Amino acid sequence: MKKANFKKIAVDGVVAQNPTLKLVLGTCPTLALTTMAMNGIGMGAAVTFVLICSNVLISLLRSVIPNQVRIPAFVLIIATFVTIVRLVMDKLLPDLYESLGLYLPLIVVNCIILARAESFASKNGVLASAADGLFMGLGFTLALTLMGAVREILGAGAIFGIVLWDFQIGFFASSSGAFFTYGVFIAVFSLCQSLIQKKRAKKEYQLSMASQTLDKVCATDEEVK
Amino acid sequence: MADRIFAYSSSPHVKNPRTTKHIMIDVCIALAPACIMGIVYFGYMAALLLVVSVLSAVASEFIYLLITGKKFKQIIQGFDYTSCVTGLLFAMSIGVQTPIYVPIIGNAFAIIVVKMIFGGTGKNLVNPAVTGRIFAFISFTSVMASGWVAPSIGAILGGSSINPLTGATVLTDGFATPTVASLSNLDLLLGTGLAGCIGETCKIALLIGGVYLVVRKVISPTVPLIYIAVTGLFTVCLCGFDFAEFLPSILSGGLILGAVFMATDYTTSPNTFVGNIVYAVMLGLITAGLRVSSGKEVVSFAILIMNLIVPLIDKFIIPRPFGYKKAKKGGAN
């Protein structure tokens with residue numbers, strides 16, 4: 001078995017394959033819950049926990065689960081952990097439980113978790129799957145918290161519940177504002193990525209040119225000799 | 001023959017000295033009477049809002065173009081006054097009690113998000129002024145939808161209002177209860193004593209502007225006339241065939257402003273004659289239906305909804321190409 005590349009998993013999870021901004025998965029909680037930054041952290045933490053646990057369990061059971069019934073099996077495993085999260089959150093953080101509402105049980109059918117189970121955990125080792133779950137969850141949490149912060153500052157004039165000023169643009173608190181913010185975030189994210197790629201390509205090009213000229217110089221040197 | 005040089009060029013082959021710039025200046029001229037009446041009715045504050053709105057619309061366009069790397073000289077050359085019209089329409093569709101930051105934010109949204117991101121003049125999906133107004137309306141509901149100021153002739157001279165009716169317009173009184181309107185039709189037509197937005201109170205001024213546009217052939221009268229007529233007739237139907245509702249329904253709110261200046265926007269109305277009729281009829285039905293059921297002014301929402309349906313209308317109503325004959329049904333293949 002080949003060794004897991006943890007650095008690649010981390011970069012993929014948080015940046016290159018960010019589940020919210022690059023794969024555009026789990027949009028329903030993204031659009032509905034980002035009215036407040038705190039919601040983003042709560043939802044992100046719940047999803048990260050479920051993602052890590054289900055990834056580990058599925059990766060452990062991947063040789064046992066028959067291929068034909070893998071989806072029901074995955075959903076069953078995910079639902080188990082979602083129930084745990086719900087009960088724990090209801091007991092320890094009743095306020096957050098209230099504000100997440102319906103979207104907490106809906107983590108069961110969250111595309112991110114099923115997609116990672118299907119495309120990663122059922123094909124990779126336990127440690128790599130756990131790392132994948134952690135970093136995918138981090139990417140999701142980061143995206144949700146940032147979007148929540150922007151919408152909270154503009155739509156409610158506050159951040160993490162602390163009132164900054166008495167000026168609200170109601171558009172950003174409404175669902176149309178959610179779509180708008182999401183679109184702008186995806187656009188800015190793609191722009192940053194393409195800029196980085198361009199810079200990298202330029203660097204590689206310069207390096208290859210330098211090595212070519214070096215080759216030429218060497219060749220002419222040999223000819224001279 | 002051989003040494004004659006032919007000039008090749010792509011269509012259009014027939015050129016007209018009239019450009020977008022001229023058309024937009026015509027629209028500005030047509031809007032002028034209503035603006036002046038707005039200032040006369042509502043005082044200096046209305047003038048300030050109009051000026052701020054136009055300036056912020058133009059500034060938004062310049063800033064966007066500068067960010068995207070255009071040269072300042074190019075922008076000046078390519079400036080076509082469409083953002084002036086957007087700014088004017090925006091200020092005309094807000095109340096005089098609106099704080100000064102609303103037109104600045106609203107116009108920035110209208111120009112940058114609605115127009116420039118989609119590719120600038122002629123490529124926008126929905127009318128920028130209408131969308132900007134709805135953005136501002138949703139965002140600042142508390143300051144925009146309350147505290148209507150009744151106009152007064154003497155406002156600019158510091159006099160007191162001649163008809164101290166504030167708050168409810170005919171629309172907020174509700175069409176659901178078909179009572180006699182608290183204002184006469186003449187009051188509605190002249191806009192005296194009626195609370196409302198800066199540019200929509202004096203219907204006479206708006207109609208003068210509309211007639212000017214039709215005479216200059218900037219707009220065709222089809223859309224405004226059908227839109228206004230259908231709205232009036234459908235309101236009559238919904239209020240139990242009470243024809244006393246006809247005139248108040250077409251003379252109140254922003255219907256004439258919307259019908260003449262916003263629904264006729266070239267980019268966001270259908271390309272064909274038949275398409276335009278469908279568009280105007282649907283506008284009228286939506287406006288009257290929503291007005292009666294919600295008791296609020298909905299012209300801008302109706303125009304926004306129909307703007308989004310226009311691509312669909314254009315897809316299904318296609319003009320017959322020149323020389324094309326419809327294939328006979330059941331004919332030999």
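Table for the structure above
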read-out	value
Cα radius of gyration and Dmax for region B:30-93 (Å)	13.7, 43
Approximate shape of region A:50-95 as ellipsoid semi-axes (Cα gyration tensor, √5λ), whole Å, largest first	26, 10, 6
Positive-end extreme of charge dipole, chain A - chosen from A:213, A:168, A:74 (charges on Cβ)	A:213
Karplus 3J(HN,Hα) series, Hz, for region A:12-28 with 6.51 cos²θ - 1.76 cosθ + 1.60 (x for Gly, Pro)	4, x, 8, 10, 5, 10, 3, x, 7, 8, 10, 8, 6, 10, x, 6, 4
Net lengthening on full extension, residue A:207/residue A:219 (0.36 nm per residue, minus Cα-Cα)	2.5 nm
Ellipticity estimate at 222 nm from DSSP helix runs (n ≥ 4, -39,500 (n - 2.57)) divided over chain A, nearest 500	-23500 deg cm²/dmol
Most mobile of A:21, A:154, A:102 in a GNM of chain A (Cα contacts under 10 Å)	A:102
Region B:83-115: chymotrypsin sites (Phe, Trp or Tyr not before Pro) in DSSP coil with no more than 15 other Cβ atoms inside 10 Å	none
P(r) of region B:185-314 over all Cα-Cα pairs, binned every 10 Å from zero, in whole percent	14, 45, 35, 7, 0
Nearby lysines by direct alpha-carbon distance to residue A:216 (threshold 18 angstrom, same-chain neighbours under 8 apart not counted)	A:225
Overall form of region B:252-292 per C-alpha gyration tensor (a/c, 1.5; a/b vs b/c)	oblate
Peptide-level mean, for B:129-139, of C-beta atoms on other protein chains within 10 Å	3
Cβ charges +1 (Lys, Arg) and -1 (Asp, Glu), total dipole of region A:42-131, debye	360 debye
Cα coordinate range in the protein assembly as shown, projected on the principal axes (Å, largest first)	87, 87, 68
Globularity ratio of region B:20-145, using Cα Rg and 2.2 N^0.38 Å	1.02
Whole-number D in µm²/s for region B:275-322 (Stokes-Einstein; Kirkwood sum over Cα pairs; 10 °C, 1.306 mPa s)	137 µm²/s
Sorted peptide list for A:166-177, A:134-145, criterion being average Cβ within 10 angstrom, highest first	A:134-145, A:166-177
Rough spin-label spacing in nm, given labels placed 7 Å along Cα→Cβ, for residue B:5 and residue A:118	6.4 nm
Dipole of the protein assembly as shown, positive direction: furthest Cα of B:290, B:16, B:236, with charges on the beta-carbon	B:16
Distance-filtered residues of region B:101-132 - backbone nitrogen under 15 Å, label point 7 angstrom along residue B:55 Cα→Cβ	B:101-105, B:107-108
Local electrostatic count, residue B:290, Cβ distance below 12 Å [Lys/Arg +1, Asp/Glu -1]	+1
Lys, Arg +1 and Asp, Glu -1 on Cβ, resulting dipole of region B:20-145 about Cα centre, debye, nearest 20	320 debye
Unit charges on C-beta of K, R, D, E only; dipole of the protein assembly as shown, Debye	2080 debye
Helical segments meeting 24 Å axial Cα length and Kyte-Doolittle 1.6 threshold in chain A (DSSP H)	A:37-60, A:70-92
Cα gyration tensor shape of chain A, rounded if a/c is under 1.5, else prolate or oblate by comparing a/b with b/c	oblate
Residue-averaged beta-carbon neighbours from other chains (10 angstrom radius) around B:104-114	1
Chains A and B together, accessible area buried on both sides, 1.4 angstrom probe, square angstrom	600 Å²
Interchain or long-range residues, amide H under 5 Å from residue A:159's placed H	A:164
Region A:64-191, Rg to Rh (Cα coordinates; Rh as Kirkwood inverse mean 1/r)	1.05
Whether region B:85-126 is rounded, prolate or oblate, judged on the alpha carbon gyration tensor where a/c under 1.5 counts as rounded	prolate
Over 32 Å (Cα to Cα) - which of A:8/A:202; B:15/B:123; A:8/B:115; B:73/B:315; A:202/B:123; A:199/B:21 fall in this group	A:8/B:115; B:73/B:315; A:202/B:123; A:199/B:21
Dipole of the protein assembly as shown, positive direction: furthest Cα of B:103, B:59, A:138, with charges on the beta-carbon	A:138
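The values are calculated or read from the model by the stated rules, or taken from the named source; none is laboratory data. Predicted, not measured: the structure shown is a model, and the values here were computed from it. Don't worry about glycine lacking a Cβ; one is built from the backbone with ideal geometry, like all the others, and counts go over all protein chains shown. Only protein heavy atoms, including side chains, enter the accessible area calculation; ligands, DNA and RNA are left aside. Shrake-Rupley method; radii C 1.70, N 1.55, O 1.52, S 1.80 Å.
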